[in-house]
């Protein structure tokens, strides 16, 4: 094997093993930053030695052992210093040997708990959202600083600094390396889910032709979600989030047209939806449903996505069920955007008048004032009701609000089509 | 990136030893836990398979067993991974298990990338 060849193999091994190694070390040294440095040292040793010695039979175990030796060296050095300072005698040497034995036992322990601790620490609320995202991708996703920077369109030093500061904050705040218990668990878990979904959406919003690292964030988020679902299988919202991401990701191949234009859900070619991901999404949703009495926000959104995934054609969509699900979501997570979606579902299920009634309550909503979809949806309802003059005004307003040129053309086309419609009697 | 692993071997090799099945079970469990293995399965013998073939303008369905194939696909797994190198690393580990637990067995794992939307994306 050539050196480049070996280096690429080390890359792959690192991707597979790094999170487990860092997690195992972090429990021993009680410091995520130090754990990562030790793991990195082991990686450097591999880069130096493997091209000569060949790739070991069990590369993960090799890296873990190398990192462990460095940890013990460091620990002994610190102890020696301590001993000099404190004049401790033989007793300590005995203790030290015992501690080394404990170390061996600890590192062979079930690795799952360590990974889970690492997830919770990386998404700890003392960190800013950006720092949580960067640290999670770095420690759990195995991404390099450069990869994270490219994926989020920020300079590499910015990401590097975020990670350094995050590690320092964790260390200074003495954040314990543990899985939160009791009522804390729910709050901390929602922070973890938020970070993963944020990573997913960052990738999902990337358009075709951009650096492939951006869309690849969807896969990173999916992988993290799947890992988390295995680590906390009793939490319904974790399965809900996984279901939501799997089903959304299943549409990646259908949501962008040949010249890069977005294709709306109901216009997508369903043959291009990824059935493997849909299947995985539906079974994750089923797990969420079996675990909880009432669905949480992620599971509800997944259930809505599932209604679309189950329909073989757009016209077979179960809109009444979607309305029920949006009703539940609006109660749990009230927001103007949820209401706007609920209005669309209402119109599809019970006719445009029902949708219009709800959307008219949103007219004064300040957060939607500049949102082009509000007049665009309202225009659609009015058009279907035959109120063409009003519909035209709404489409024109929507066109003036959107920043997407292709979408503006589409909206202006619809506005022109209104002129061809017959004006409603009595409207003058 | 999605990869399909096709495991090929001679069909008349008998049943795999239990140690191998256990080791493969453990490896698969790890891959599922790591979120990388999204689907897998073993295939029934070709003796009970059927080939529907188009040749010289004729479509024919022929039931097994077939004689000509030296090695056939016996199982498959679908992975979602960062790179082909990661796929190779996984396949190496899988084959090492065979080497360790089933002396004399011969076969191969073929790694095929499954095209995704990014492979058809318009160039910017």
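Using Cα atoms only, what is the angle between the long axis of helix A:111-122 and the major principal axis of chain A, expressed in degrees (0 to 90) to the nearest 10?
Relative to chain A, helix A:111-122 is tipped by roughly 60 degrees.
Testing the spin-label approximation: label points 7 Å from Cα along Cα→Cβ at residue A:58 and residue A:3. State their distance in nm.
3.0
Cα atoms only, the range A:225-351: Rg and Dmax in Å?
14.7, 45
Does the range A:111-203 classify as rounded, prolate or oblate by the C-alpha gyration tensor (a ≥ b ≥ c root eigenvalues; a/c under 1.5 gives rounded; else a/b over b/c gives prolate, otherwise oblate)?
Values: a/c = 1.90, a/b = 1.51, b/c = 1.26.
Taking the square roots of the gyration eigenvalues as a ≥ b ≥ c, the range A:111-203 is prolate.
Using 0.36 nm times the number of residues separating residue B:70 and residue B:114, minus their current alpha carbon distance, what extension gain do you get? Can you show the working numbers first?
On the way: separation 44, 0.36 × 44 = 15.84 nm, distance 2.52 nm.
Length gained, residue B:70 through residue B:114: 13.3 nm.
How large is the Kirkwood hydrodynamic radius of chain A, in angstrom, based on all distinct alpha carbon pairs?
Working: mean 1/r = 0.0402 Å⁻¹.
About 24.9 Å, per the Kirkwood formula over Cα pairs.
For every helix of n ≥ 4 consecutive DSSP H residues, a contribution of -39,500 (n - 2.57) applies; sum these over chain A, divide by its total residues, and give [θ] at 222 nm rounded to the nearest 500 deg cm²/dmol.
So the helix-based figure for chain A works out to -23500 deg cm²/dmol.
FRET efficiency for residue A:419 and residue A:357, Cβ-Cβ distance as r, R0 = 25 Å, nearest 0.05?
0.45
Cα gyration tensor of the range B:2-117, axes a ≥ b ≥ c as square roots of the eigenvalues: rounded (a/c below 1.5), prolate (a/b > b/c) or oblate?
Oblate, since a/c reaches 1.5 and b/c is not below a/b.
If I model a spin label as a point 7 Å beyond the Cα along the Cα-Cβ vector, how far apart are those points for residue A:65 and residue A:266 in nm?
6.3
Between residue B:28 and residue A:373, what is the FRET efficiency for a Förster distance of 56 Å, r being their Cβ-Cβ separation, to the nearest 0.05?
The pair residue B:28/residue A:373 has a calculated efficiency of 0.80.
If each residue of separation counts as 0.36 nm, what is the full-extension length gain between residue A:364 and residue A:201 once their alpha-carbon separation is subtracted?
On the way: separation 163, 0.36 × 163 = 58.68 nm, distance 2.82 nm.
Working it through step by step, the gained length comes to 55.9 nm.
Between helix A:373-384 and chain A, what is the angle of the helix's C-alpha long axis to the longest principal axis, kept within 0 to 90° and rounded to the nearest 10?
Between helix and principal axis, roughly 30 degrees.
Only Cα pairs within less than 10 Å get springs; with that Gaussian network setup on chain A, which residue of A:123, A:218, A:418 has the largest fluctuation?
Most flexible of the set in this elastic network: A:418.
What's the center-to-center distance, using Cα atoms, between the range A:230-286 and the range A:126-144 in Å?
About 24 Å separates the Cα centre of the range A:230-286 from the one of the range A:126-144.
In whole Å, how far is the Cα centre of the range A:1-32 from that of the range B:1-67?
31
Run the simple label-point estimate for residue A:294 and residue B:39 please: 7 Å along Cα→C-beta, distance reported in nm.
Output for this residue pair reads 3.7 nm.
For the modelled label position 7 Å from the Cα of residue A:164 along Cα-to-Cβ, which residues of the range A:40-66 have backbone nitrogen atoms closer than 19 Å?
Of the residues in the range A:40-66, A:40-41 have backbone N under 19 Å from the label point off residue A:164.
Name the shape class, rounded, prolate or oblate, that the alpha-carbon gyration tensor gives for the range A:152-267, where a ≥ b ≥ c are the square roots of its eigenvalues, rounded holds for a/c under 1.5, and otherwise prolate holds if a/b is larger than b/c and oblate otherwise.
Cα axes put the range A:152-267 in the oblate bin.
So what's the back-of-envelope 222 nm ellipticity for chain B, counting only DSSP H runs of four-plus at -39500 (n - 2.57) apiece and dividing by all residues, rounded to 500?
Theoretical 222 nm ellipticity from helices: -9000 deg cm²/dmol.
Going by alpha carbons, how many degrees (0 to 90, nearest 10) lie between the helix axis of A:3-29 and the longest principal axis of chain A?
Orientation of helix A:3-29: about 80 degrees from the principal axis.
For chain A, what's the relative contact order in percent, using C-alpha pairs closer than 8 Å and at least 6 residues apart?
Worked out over chain A, it gives 9 percent.
Nearest 0.05, what FRET efficiency do residue B:54 and residue B:92 give at R0 = 35 Å with Cβ-Cβ as r?
That pair, residue B:54 with residue B:92, gives E of 0.40.
Using a 10 Å cut-off around each Cβ, can you sort A:400, A:315 from fewest to most neighbouring Cβ atoms?
In order of increasing Cβ crowding within 10 Å: A:315, A:400.
Rule-based calculations on the coordinates, nothing more; no lab input. Not measured: the values here are computed from a predicted model. Here the Cβ is made from the backbone with ideal geometry for all residues, glycine too, and neighbour counts use every protein chain on show.
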